[in-house]
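A short write-up of the structure that comes next.
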Amino acid sequence: MSHIFYKYQGTGNDFIIIDNRQSVFDKNNTKLVSFLCDRRFGIGADGLILLENHKEYDFKMVYFNSDGNESSMCGNGGRCIASFARFLGVIDAEATFEAIDGMHKAIIVGDDVSLLMQNVSNIEKHNNHVFLDTGSPHHVQLEAMLHTLNIKEKGAKIRYGEPYNNTGTNVNFVRKISDDSFAIRTYERGVEDETLSCGTGVTAVALAMNYIGETKKNVIYLETEGGTLEVSFKKSDTEYTDIWLKGPAIQVFKGELEW
């Protein structure tokens, strides 16, 4: 049987997206997801996303990493599926949907999608890094020579090392550009390589840099390898709230595949 799929990207973070409102996709088939995400034998993507019906909200987002396993929240994926929902006519310019970490809101203006992230109250400051969870776990550390780093090698050592070796973590390397701008490169677990952009990663970097005093701004621009994302937030004595991730979400192509 042939099935329609769509390819989306958000600052180079690319996804296969499938309309699964009729439950046509086998979510337990990790080999199929891994095959479809393979860049040589399949379609090629950092992850696969299913849009499904929801009793209360506009839709449900189900996200798989390229290794075939269902994963934690993907910020750029959330922005892309909101754009896809508008393309399908499920929503107009605003959406409320459920992901693995809870409810999210999205606002769409042209090609830009702003995604409301979950509040963050627990941030761990260590000697050479910061750790926090923005829907996915993130290790954040400053690196002066960001452009020369072997991200795959160094990221993998941290991702599989102490204290993360039980569950793993995403790893973000950061260079400060100005008081409101930072360059970032990310090693993503589940992809097990550098990705051109990571939505929960840039969100983690923005909050971490504010938390440790590298910036006092609450609107921060993150220069990823795939483009620029914006993160804004409100800060109180106990937590970060009203966290918005903003950037482009583009449909690349539509295809048909047998599975």
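We did not get these values from a lab; they are worked out from the coordinates using the rules stated. What you see is a predicted model; the values in this text were computed from it and never measured. When we count neighbours, we look across all protein chains shown, and the Cβ atoms used for this are built from the backbone with ideal geometry, even at glycine.
Data for the structure
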{"read-out": "Reachable aspartates and glutamates, given that their alpha-carbon falls under 15 Å from the alpha-carbon of Lys27 and they are not under 8 places away in the same chain", "value": "Asp19, Glu52, Asp67, Glu70"}
{"read-out": "Alpha-carbon centroid distance for the pair segment 104-164 / segment 181-207, whole angstrom", "value": "5 Å"}
{"read-out": "Contact order normalised by residue count of segment 123-246, Cα under 8 Å, 6+ apart, percent", "value": "20 percent"}
{"read-out": "Note, ³J(HN,Hα) from phi for segment 200-210, Karplus 6.51, -1.76, 1.60, rounded to Hz, x at Gly and Pro", "value": "5, x, 5, 5, 4, 5, 4, 5, 5, 5, 5"}
{"read-out": "Neighbour-count ranking [beta-carbon atoms within 10 angstrom, fewest first] of Ile123, Ile220", "value": "Ile123, Ile220"}
{"read-out": "Residue exposure sequence - Lys60, Lys235 - by fewest surrounding Cβ within 10 Å", "value": "Lys235, Lys60"}
{"read-out": "Listed residues Ala93, Ala208, Ala85, most fluctuating in the chain (Gaussian network, C-alpha, under 10 Å)", "value": "Ala93"}
{"read-out": "Relative exposure of Arg79, Arg40, Arg185, judged by other C-beta atoms within 10 Å (fewest first)", "value": "Arg40, Arg185, Arg79"}
{"read-out": "Peptides ranked, highest mean first, by Cβ atoms within 10 Å: ranges 153-166, 64-77", "value": "64-77, 153-166"}
{"read-out": "Inter-site label distance for Lys157 and Leu88 at 7 Å from Cα along Cβ, in nm", "value": "4.4 nm"}
{"read-out": "Segment 55-152: relative contact order as a whole-number percent, Cα under 8 Å and 6+ apart", "value": "21 percent"}
{"read-out": "Antiparallel DSSP beta bridges within the chain, as percent of all bridges there, nearest 5", "value": "80 percent"}
{"read-out": "Set Lys7/Lys176; Lys31/Lys105; Lys31/Lys55; Lys55/Lys234; Lys152/Lys176 screened for pairs whose C-alpha atoms are more than 27 Å apart", "value": "Lys7/Lys176; Lys31/Lys105; Lys31/Lys55; Lys55/Lys234"}
{"read-out": "Sequence-distant residues sharing a close amide H with Lys217 (under 5 Å, placed H)", "value": "none"}
{"read-out": "Highest-MSF residue in the chain out of Ser114, Ser23, Ser181 [GNM, Cα springs under 10 Å]", "value": "Ser23"}
{"read-out": "Theoretical ellipticity at 222 nm over the chain - DSSP helices of four or more residues, -39500 (n - 2.57) apiece, nearest 500", "value": "-5500 deg cm²/dmol"}
